[in-house]
Amino acid sequence: MSARQDGPGEGKTSLDVLFPRVYSELHELAERFLWHEREGHTLSPTALVHEAYLRLAAQDVPPADRGRFFGLAAEMMRRILVNHALARRAAKRGGDQVCITLEESLASDVPETELDVIALDEALQRLTAMDPRAGQIVELRFFAGLGVEETAAVLDISPATVKREWSASRAWLRRELASA
């Protein structure tokens, strides 16, 4: 399936057509990502959305459906923030780690727990290596903000499975991050 369209917008990819339609939702997603970042963060929500668009366009992957598109966009935004944090850490030689506040939905028993975005990414990578579907569920639920039903539809599994694996993944991530 080609990502190119025929007709009046010839030369435009399906991403070029979709992007203006979902821009405000992507901007809200970026705001959520940056909400708990340190004050004075050099990335704005607009810059984060535009950088994510550039990365999505470079992959030339047509968005299959809404859930998958937002999941991929969230993954791109997370990677951008992790790369930004790594560059900042390298520049500061380990000082001033970039922290985010872990959303209460993931750390319900420890409200306002601050996490290093790099530690969160490393823990998510370990979870994904052990259980790829659990990693996808965390990506879609926590980072893309999809609900249980949307996540189930994207992954073609039952909502009960999403709830069960989401609960187990949250507990695993809490343990990993507490020991980090």
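Can you give me the number of residues within segment 125-136 that are charged (D, E, K, R) and part of a helix (DSSP H, G or I)?
Step one: of segment 125-136, the residues charged (D, E, K, R) are 126, 131, 133.
Add one more test, that the residue is part of a helix (DSSP H, G or I), and what stays is 126, 133.
Qualifying residue count, segment 125-136: 2.
Residue check: is Thr161 in contact with a Pro (Cβ under 9 Å, 6 or more places away or on another chain) and not in a loop (DSSP other than H, G, I, E, B)?
Numbers: in contact with a Pro (Cβ under 9 Å, 6 or more places away or on another chain): no; not in a loop (DSSP other than H, G, I, E, B): yes.
Against the criterion (in contact with a Pro (Cβ under 9 Å, 6 or more places away or on another chain) and not in a loop (DSSP other than H, G, I, E, B)), Thr161 does not qualify.
Within segment 43-60, can one find any residue that is at pLDDT below 80 and buried (at least 17 other Cβ atoms within 10 Å of the Cβ)? Please lay out each step first, then the result.
Applying the first criterion (at pLDDT below 80) to segment 43-60 yields 59-60.
Now narrow it down to the ones that are buried (at least 17 other Cβ atoms within 10 Å of the Cβ): none.
Within segment 43-60 (the criterion being at pLDDT below 80 and buried (at least 17 other Cβ atoms within 10 Å of the Cβ)), the answer is no, since none of the residues qualifies.
Any chance segment 110-117 includes a residue that's surrounded by fewer than 16 Cβ atoms within 10 Å (Cβ to Cβ), at pLDDT 85 or above and among the charged types (D, E, K, R)?
Checked segment 110-117: no residue is surrounded by fewer than 16 Cβ atoms within 10 Å (Cβ to Cβ), at pLDDT 85 or above and among the charged types (D, E, K, R).
Check Gln97 against each of (1) assigned to a loop (DSSP other than H, G, I, E, B); (2) among the polar types (S, T, N, Q); (3) modelled with pLDDT of 85 or more and name the one condition it does not meet.
(3)
Give the residue that is farthest from Ala30 (Cα to Cα), with candidates limited to residues of segment 142-158 that are assigned to a loop (DSSP other than H, G, I, E, B) and hydrophobic (A, V, I, L, M, F, W, C). I'd like the intermediate steps shown before the answer.
Residues of segment 142-158 assigned to a loop (DSSP other than H, G, I, E, B): 144-147, 156-158.
Now restrict to residues that are hydrophobic (A, V, I, L, M, F, W, C): 144, 146, 157.
Working: Ala144: 10, Leu146: 14, Ile157: 27 Å.
It comes out as Ile157.
Hey, can you tell me all the residues within segment 138-154 that are small (Gly, Ala, Ser) and farther than 12 Å from Met77 by Cβ? Explain how you work it out, then say what you get.
Our first condition is that a residue be small (Gly, Ala, Ser); within segment 138-154, this holds for 144-145, 147, 152-153.
Gly147, Ala152, Ala153 - these are the residues of segment 138-154 that are small (Gly, Ala, Ser) and farther than 12 Å from Met77 by Cβ.
Which one of the conditions (1) under 26 Å from Val49 (Cβ atoms); (2) at pLDDT 85 or above; (3) surrounded by 14 or more Cβ atoms within 10 Å (Cβ to Cβ) does Glu149 fail to meet, given that it meets all the rest?
Single failed check for Glu149: (3).
Checking the conditions here, which among Glu122, Glu139 is among the charged types (D, E, K, R), buried (at least 17 other Cβ atoms within 10 Å of the Cβ) and either in a helix (DSSP H, G or I) or more than 14 Å from the chain's Cα centre (by Cα) (or both)? If you could, list the steps in order and put the result at the bottom.
Numbers: Glu122 fails: buried (at least 17 other Cβ atoms within 10 Å of the Cβ).
When all the criteria are applied, what remains is Glu139.
The values are calculated or read from the model by the stated rules, or taken from the named source; none is laboratory data. Just so you know, these numbers come straight off a predicted model, no measurement behind them. Note: ideal-geometry Cβ built from the backbone for every residue, glycine included; neighbour counts use all protein chains shown.
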